[in-house]
Amino acid sequence: MRPNLSRRLLLLHTSWLSMATFFSKDVFSQSNVDSYSQKHLKNLNLKSEGITIEIPPLADTGNSIPMSIQIQPTSSAKVQSFEIIAPENPNQMVLRVTLPNPQKKLKMATRIRLALSQDVWVVAKLDDGTSIAQSANCVVTLNACFDAT
Amino acid sequence: MATLNQHPIRLSILGTPKVGQEVEIRVLIGHPMETGYRLGEGGNDRIPKNIIENIVIKLNQQVLMNADLGTGIAANPLLSIFVEVPKDGGMISVEWRDDLGKQGRAEKMLLAI
Amino acid sequence: MNILKCFSVLFFIVFSYHLPAQVIRQSGNQFLSPEMLKLQNDPNGNPTVLWIDQGQELWNANCVKCHQEIKELASAVVRYPILKSKLGQASKVWNIEDQIIDCFGKISQESLSTEHQNVLALSIFLSDAAKGMPIHVDEPNIKKDKQLWQEQMIQGAAIYTRRQGRLNLSCTQCHDQNIGKNLRSDIVSPAYLTGFPIYRQSWQTVGSIDRRLRACYSGVQATVPSTQSSELRALELFLKKRSEGMLWDGPSIRR
């Protein structure tokens, strides 16, 4: 009983501490941030209901991949901010969006770069303090020919 | 980009702007979004980093969305957000800022029908 | 032996003018993935629109003094490359970017490259204005120029059919014999010149036909000819003539 409890506490505290990095601006220029690793994001065990990600399963190019996101929390909470995280990118934080007026529904689109095939994560913070997260896999293909120009 | 305006910007409002319905506000900015990882001519030096760091979209001076961008956003960034058309429409404005201090803005009237 | 080679190349040229009825020539747009095609057709998301806007500004500031009617000038996009000579210089093949560079030289005494943003912006602006026009590359009227033009065409066809580079591939091996097949996840197109300049995702910017042809040489690991070289112009002349009659797509998106 005791080992399980302390492990659970450890997980709880690391996840709370790592959430604190969500507010740091420097995180955009950091690489290999632990809290943005695939493993860590999965271990957060956040609910995925309410987030839909549209991204091509097979991308033409790693340089520009269209991605649309719809966040509509199933609870009465409103979405306050969200982040797009690409764990295998050299800079894992791709985009952070904050809404000064939390919304019941947020729909947006952009084009991202992916260094390798990976799961792209969207982690949304709701105005009741909880978070929801969803991931979608994208396989990135390389150009066939070497281009020296 | 061309020497006239180094970073052209195109702000579009797509969809029928009926009151209560959704329209898409789309911003397309001409910016290389240089990651700082690419190698230049000769393959020796890295091309210096130059990315847009922040884009703010406002409706009538009220911030709709504040976006912080990283190197993971594609070159010539496109950002679009769907908003509900308010009763009297309003002025949609976009402001962006990059890490070398360059800035840009665009405005477009959202006329509600 | 030389005559035989000439004859076979000429035969190839004639053959490509009068293709058998069952061959359908497809523009590179038909080989785009659904996402890319959606992007191509989206006037508010296609990155080339940024350059069209720039081109419009440059046109208003520089070109409108001499060239009043945009549609008339846009027809140059589907007529070029042409044989032209400047005072004191021999005739050579000029493409549309060469012409724009020459015009800029007249206005501002600058000597720009084909990849200069101003040159590309104007080229894209003109290319967009020429959308839907059929490609029509004509022989020159003067007998002396006619002969030089034929020689350039023959040289272009010879380049197109010769193996080169470490990969020892000729253009025709991919672009005629292996259309529709995969090169990793790229699908080989027949490489008709219907939509230049292009926004290439791998370049993350726009580039001219000059750059794209040089990239092809690089792709087969051959020595890349220098920009604006006569070899590239001869090849472009041949490729444009090969696309005779096809409708111009305007500036396009590619991988």
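The values are calculated or read from the model by the stated rules, or taken from the named source; none is laboratory data. From a predicted model like this one, the values you see are computed outputs, not experimental measurements. All Cβ positions, glycine included, derive from the backbone under ideal geometry; neighbour counts span all protein chains shown.
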Next item on the list: Among the residues of segment A:104-115, count how many are facing chain B (nearest Cβ under 8 Å) and either of a type in the set (D, E, K, R) or under 11 Å from the mean Cα position of the chain (by Cα) (or both).
Entry: 3
Next item on the list: Check off (1) out of contact with any Phe, Trp or Tyr (no Cβ under 9 Å at 6 or more places or on another chain); (2) assigned to a loop (DSSP other than H, G, I, E, B); (3) buried (at least 19 other Cβ atoms within 10 Å of the Cβ); (4) not basic (Lys, Arg) for residue B:19 and give me the number that stays unchecked.
Entry: (3)
Checklist line | Given (1) under 21 Å from the mean Cα position of the chain (by Cα); (2) over 14 Å from residue C:196 (Cα atoms); (3) surrounded by 17 or more Cβ atoms within 10 Å (Cβ to Cβ), index of the condition residue C:74 fails | finding: (2)
Next item on the list: Report yes if residue B:73 is β-branched (Val, Ile, Thr), within 26 Å of residue A:86 (Cα to Cα) and in contact with a Ser or Thr (Cβ under 8 Å, 6 or more places away or on another chain), otherwise no.
Entry: yes
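Taking the condition within 14 Å of another protein chain (Cβ to nearest Cβ), at negative phi and touching a residue at least 24 places away in the same chain (Cβ under 8 Å), does residue C:214 pass? Spell out the reasoning first.
Values: within 14 Å of another protein chain (Cβ to nearest Cβ): yes; at negative phi: yes; touching a residue at least 24 places away in the same chain (Cβ under 8 Å): no.
Answer is no for this residue.
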Checklist line | Residues located in segment C:189-209, provided they are at the interface with another protein chain (Cβ under 9 Å from one of its Cβ atoms) and not hydroxyl-bearing (Ser, Thr, Tyr) | finding: C:200, C:201, C:203, C:204, C:207
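Answer with yes or no whether residue C:247 is modelled with pLDDT of 95 or more and within 18 Å of residue C:153 (Cβ to Cβ).
Numbers: modelled with pLDDT of 95 or more: yes; within 18 Å of residue C:153 (Cβ to Cβ): no.
So residue C:247 fails the test.
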Next item on the list: Consider residue B:30 carefully, then state whether it is more than 10 Å from chain A (Cβ to nearest Cβ) and either without any contact (Cβ under 8 Å) to a residue 60 or more places away in the chain or within 11 Å of the chain's Cα centre (by Cα) (or both).
Entry: yes
Item checked: Conditions (1) in a loop (DSSP other than H, G, I, E, B); (2) of a type in the set (Val, Ile, Thr); (3) surrounded by 14 or more Cβ atoms within 10 Å (Cβ to Cβ); number of the one not met by residue C:223 -> (3)
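Are any of the residues in segment C:129-136 within 15 Å of residue C:82 (Cα to Cα) and surrounded by fewer than 16 Cβ atoms within 10 Å (Cβ to Cβ)?
In the first step, residues of segment C:129-136 are kept if they are within 15 Å of residue C:82 (Cα to Cα); the result is C:135-136.
Pick out the ones that are also surrounded by fewer than 16 Cβ atoms within 10 Å (Cβ to Cβ) and you get C:136.
There is at least one residue in segment C:129-136 that is within 15 Å of residue C:82 (Cα to Cα) and surrounded by fewer than 16 Cβ atoms within 10 Å (Cβ to Cβ).
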Note to self: Suppose we filter segment A:62-103 for residues that are more than 8 Å from every other protein chain (Cβ to nearest Cβ) and either within 22 Å of residue B:63 (Cα to Cα) or surrounded by fewer than 20 Cβ atoms within 10 Å (Cβ to Cβ) (or both); how many remain?
What the structure shows: 19
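In segment B:91-113, how many residues are under 30 Å from residue B:36 (Cα atoms) and assigned to a strand (DSSP E or B)? Walk me through how you get there before you give the answer.
Going through segment B:91-113, the residues under 30 Å from residue B:36 (Cα atoms) turn out to be B:93-106.
Filter once more, keeping what is assigned to a strand (DSSP E or B): B:93-98, B:103-106.
Residues meeting the conditions: 10.
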Note to self: Considering only residues that are more than 7 Å from chain A (Cβ to nearest Cβ), of a type in the set (A, V, I, L, M) and not in a loop (DSSP other than H, G, I, E, B), which ones fall in segment B:34-90?
What the structure shows: B:39, B:52, B:55, B:56, B:57, B:59, B:64, B:83
Notebook entry, point to check: Would you pick out the residues in segment C:50-84 that are touching a strand residue (DSSP E or B) at 6+ places or on another chain (Cβ under 8 Å) and closer than 29 Å to residue C:242 by Cβ?
Noted result: C:51, C:78, C:80, C:81, C:82, C:83, C:84
Note to self: residue C:77 - would you say it is part of a strand (DSSP E or B) and in contact with a Ser or Thr (Cβ under 8 Å, 6 or more places away or on another chain)?
What the structure shows: no
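Within segment C:164-177, can you find the residues that are more than 24 Å from residue C:27 (Cα to Cα) and not aliphatic (A, V, I, L, M)?
C:164, C:165, C:166, C:168
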Note to self: Considering only residues that are more than 17 Å from residue B:79 (Cβ to Cβ), away from chain B (no Cβ under 12 Å) and not in a loop (DSSP other than H, G, I, E, B), which ones fall in segment A:26-61?
What the structure shows: A:34, A:35, A:38, A:39, A:40, A:41, A:42, A:43, A:47, A:51, A:52, A:58
Note to self: Here are the criteria: (1) surrounded by fewer than 18 Cβ atoms within 10 Å (Cβ to Cβ); (2) not in a loop (DSSP other than H, G, I, E, B). Tell me which single one residue C:87 does not satisfy.
What the structure shows: (2)
Next item on the list: Just need a number here: residues in segment C:38-62 that are within 13 Å of chain B (Cβ to nearest Cβ) and in a helix (DSSP H, G or I).
Entry: 17
